[in-house]
Amino acid sequence: TPIMQLTTAYWDSQTFLTANRIGLFEQLAQGALTSVELANKLGLQPRHTDLLLKACVGLGLLQVEQGKFSNSPLSDTYLVPGKNSYMGNAVRYSDNLYSAWGQLETALREGHPTMPPADYLGKDKEKTRHFVYGMHNRALGIGAALCHLVDLTGRRQLLDIGGGPGTYSGMFTQRYPDLRSRVLDLPEVVAIAKEILASMGAADRVELVPGDYKHTPFPQNNDVVLISGVFHRESEATCRALIAHGNPQAALYARI
């Protein structure tokens, strides 16, 4: 029934999150294996590994033939590191939030996050890395559509406020060779963005500005300002202040 499906939905989620966390899909990208072979390679218990693999088959994440397991087309496309469509880091970010969702009642009663945002914005290096790379994985798909929809012909300077991995800036400057961008975000975040932009071949076109967009003065002389993935986590007052503060100075042809 729908009620029981909702009640046990986290069983599916935890099966998937665990499979991703232990490197199952990356291992199977090298070739099909039996459950015993996988258990040995990943340092797991054979019987429990077999149960996990069969559950992944049921979820459409794996396929099995003559006792050997392999990635399904879905997993092969989105869960194997190194592919442009890789979403594994975004999955790891959701995995890091799993325990926080288990404390939803506490958040409702006390009125504050059960996992402080600082944990994935610099305080915890591993969680921060998963978060920034996860946002990059997502932004690659969104950015392809964004660059097609937003025409920046003739624009010279983009300011990317709270730009995280810098993916959108990298993609826009690749599409428009005369465009340069500046990404403003927290120091720990832009340190990882530096790696990402280098991998995109955009490091010479995108400047990284460490700072907090609530307090750091914005770089001037922009004719485009991008604010993405920010408003949903801020108050209305903060959002209005960011728009007012980030309004491009080239008034005649400005765009935000």
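Each reported figure results from applying straightforward, stated rules to the coordinates on display, with no laboratory input. These figures come from a predicted structure and were not determined experimentally. Ideal geometry is used to build each Cβ from the backbone, glycine not excepted, and the neighbour counts take in all protein chains shown.
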Select one label from (i) 77; (ii) 52; (iii) 60: the one whose number is percent of Cα pairs over 23 Å apart as derived from the coordinates shown. (iii)
Separation between Cα centres of the range 15-79 and the range 196-220, rounded to whole Å: 39
Quick one: order CYS56, CYS239 by neighbouring beta-carbon count within 10 Å, fewest to most. CYS239, CYS56
Principal-axis tilt of helix 9-21 within the chain, Cα atoms, nearest 10 degrees: 80
Give the shape of the range 150-253 as rounded, prolate or oblate, defined through the alpha-carbon gyration tensor: a ≥ b ≥ c are the square roots of its eigenvalues, a/c under 1.5 means rounded, and otherwise the shape is prolate if a/b is larger than b/c and oblate if not. oblate
Measure up LYS41/LYS127; LYS41/LYS83; LYS83/LYS123; LYS54/LYS125 against 32 Å on the Cα-Cα distance and list the ones that go over. LYS54/LYS125
Theoretical ellipticity at 222 nm over the chain - DSSP helices of four or more residues, -39500 (n - 2.57) apiece, nearest 500: -15000 deg cm²/dmol
Which cross-chain or sequence-distant (5 or more) residues have an amide H under 5 Å from the amide H of LEU208, H modelled 1.01 Å from N in plane? VAL183
Helix 187-200 versus the longest principal axis of the chain: what angle, 0 to 90°, nearest 10, using Cα atoms? 80
J(HN,Hα) series, the range 88-95, from Karplus relation 6.51 cos²θ - 1.76 cosθ + 1.60, nearest Hz, glycine and proline x: x, 5, 5, 5, 5, 4, 4, 4
Applying the gyration tensor rule to the Cα atoms of the range 62-173 (axes a ≥ b ≥ c; rounded if a/c under 1.5, else prolate if a/b exceeds b/c, else oblate), the class is oblate
Once the Cα atoms of helix 236-246 and of the chain are each reduced to a long axis, what angle between those two axes, in degrees from 0 to 90 to the nearest 10, is obtained? 50
Which aspartates and glutamates does LYS214 reach when only Cα atoms under 17 Å apart count, and residues fewer than 8 places away in its own chain are ignored? ASP160, ASP185, GLU188, GLU234, GLU236
Exposed trypsin sites (Lys or Arg not before Pro) absent: longest stretch of the chain, with sites in DSSP loops and at most 15 other Cβ within 10 Å deemed exposed: 1-82
The set of residues whose placed amide H lies less than 5 Å from the amide H of MET87, leaving out same-chain residues fewer than 5 positions away, is LEU79, VAL80
When SER85, SER70 are ranked with the fewest other C-beta atoms within 10 Å first, the list becomes SER85, SER70
